[in-house]
Amino acid sequence: MALTVSTVPATPFFASGSISFSELRTNFKELASGTISASELLRNTDLTNDDPIVPDAVENESISDSSNLSLSQFRNTIKSYQVDQGSGDTDLNLDISNSSLWNGNLEKSIRKVVNLAGTCGSTNSSAAAIVNAAAANLFLQISGNILGKGGSSNGGNGGNAISINNTSSTGKVYIKTIGSAQVYAGGGGGAGGGKGGKGGNGQYLVSGSNNVFKGNSGVRYSSGQYFQLCQNACSISFGSGAYCSVGCYLIPGQGGCGCPCWTIEASGYGECNCCYKNESYSYYVATTGGAGGAATTGGLGQGYGQNKTNSNPATNPGAAGGTNAGTGGNSGTAGNGGNWGQSGTSGTAGSPGSNGKRGTDGNVTTAPDFGETDGPTTGGEPGLPGAAVVGTGYEIDIEGVDSAYIGSK
């Protein structure tokens, strides 16, 4: 932690030697002349008093807060604490309430001045500078930069610059900027563009003809006519157009050439073992619609170590579908990231997928799919900005400050 802690004075008052009222006036009332009363030298434990003459502190516990005051009680006492961050220092998620800084004095009435002259930043969900404890009379004097995290793409929220969770019921944290100090909340990320819709499913007709094996034929003729060819038997068994695939010579009682066939002339019986017939066919093939264009990515919000970016204005095109199927819809456009303390912009919705078409060459029994079966998706929500200061138990010592930033933008 790049913080330097010191007390005022660096060497406690009255480490040795005598103690006088005039010295007490100079050291605690901080006046070179005038008077100081005993009542003014009592240790003040009132947390609503932001500048006690004699503050309550671990180092000042020997000083009476009500009666029996004596000068010897002021041996080795202090007036205030000071914590300094160097102008060239950078701290991430700086915990100002870290107990190692305060010797148990964070909630006591002693003034505790924190000079933040460097940079405090954040790259995560925590604020750039944090007070998360009971605190009183804690003064944050900012002359450097306290910068919240920038929102991520696709709607990431910006981060807070300062988070004060002061659990003291009466004590306060005071915040003041000096000169060109910047206390900036992170900007929100731009929204992502919506995914395109899927194209509608389609179908197409396939038709043609081929030779189909029909099997064996066996035909008996009551007329007793002479049976010349096995093809006649195929035609009679399987209808007009049926034929024996290989021609064969009739030899009564024997097989033929390539296609076993035979007849028994006396009984009028003929048989062929390889009957074929040319038959037509027709069927529909289902096709799938094209995928929708992929969602687009939003810009980054301004933040510590991160510049604001604009999204690519182009959309992602949908893919073509199969034969007679619809093309997928285009994606939506993404939004831009936000500047310090500003929201990102919205993305647009993806386009619907185009309709599928009816199959060709005849009526289709099933209507085509009209698309968008998995989309389109709407554009995402933009990221919200953080706050310059958020929490409880603090007071900003500047009039008319913007809720998102303190200092010049």
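Applying the selection to region 259-312, what residues are under 21 Å from the mean Cα position of the chain (by Cα), over 30 Å from G118 (Cβ atoms) and either in a strand (DSSP E or B) or modelled with pLDDT under 85 (or both)?
Hit for region 259-312 is T296, nothing else.
From I142, I96, I110, I130, which residue is surrounded by 24 or more Cβ atoms within 10 Å (Cβ to Cβ), on the phi < 0 side of the Ramachandran plot and within 30 Å of the chain's Cα centre (by Cα)? Lay out the reasoning, then the answer.
Working: I142 fails: within 30 Å of the chain's Cα centre (by Cα); I110 fails: within 30 Å of the chain's Cα centre (by Cα); I130 fails: surrounded by 24 or more Cβ atoms within 10 Å (Cβ to Cβ).
Within the list I142, I96, I110, I130, the selection yields I96.
Could you please let me know if N137 is in contact with a Ser or Thr (Cβ under 9 Å, 6 or more places away or on another chain) and at positive phi?
When the stated conditions are applied, N137 passes them.
Quick grid of which residues meet (1) under 30 Å from Y304 (Cα atoms); (2) touching a residue at least 24 places away in the same chain (Cβ under 8 Å); (3) among the β-branched types (V, I, T):
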{"position": "D50", "(1), (2), (3)": "no, yes, no"}
{"position": "V54", "(1), (2), (3)": "no, yes, yes"}
{"position": "I63", "(1), (2), (3)": "no, no, yes"}
{"position": "S72", "(1), (2), (3)": "no, yes, no"}
{"position": "I78", "(1), (2), (3)": "no, yes, yes"}
{"position": "Y81", "(1), (2), (3)": "yes, yes, no"}
{"position": "L106", "(1), (2), (3)": "yes, yes, no"}
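The values are calculated or read from the model by the stated rules, or taken from the named source; none is laboratory data. Note that the coordinates shown come from a computational prediction; the quantities given were computed from them, not determined experimentally. As a convention, Cβ positions derive from the backbone with ideal geometry for all residues, glycine included, and neighbour counts pool all protein chains shown.
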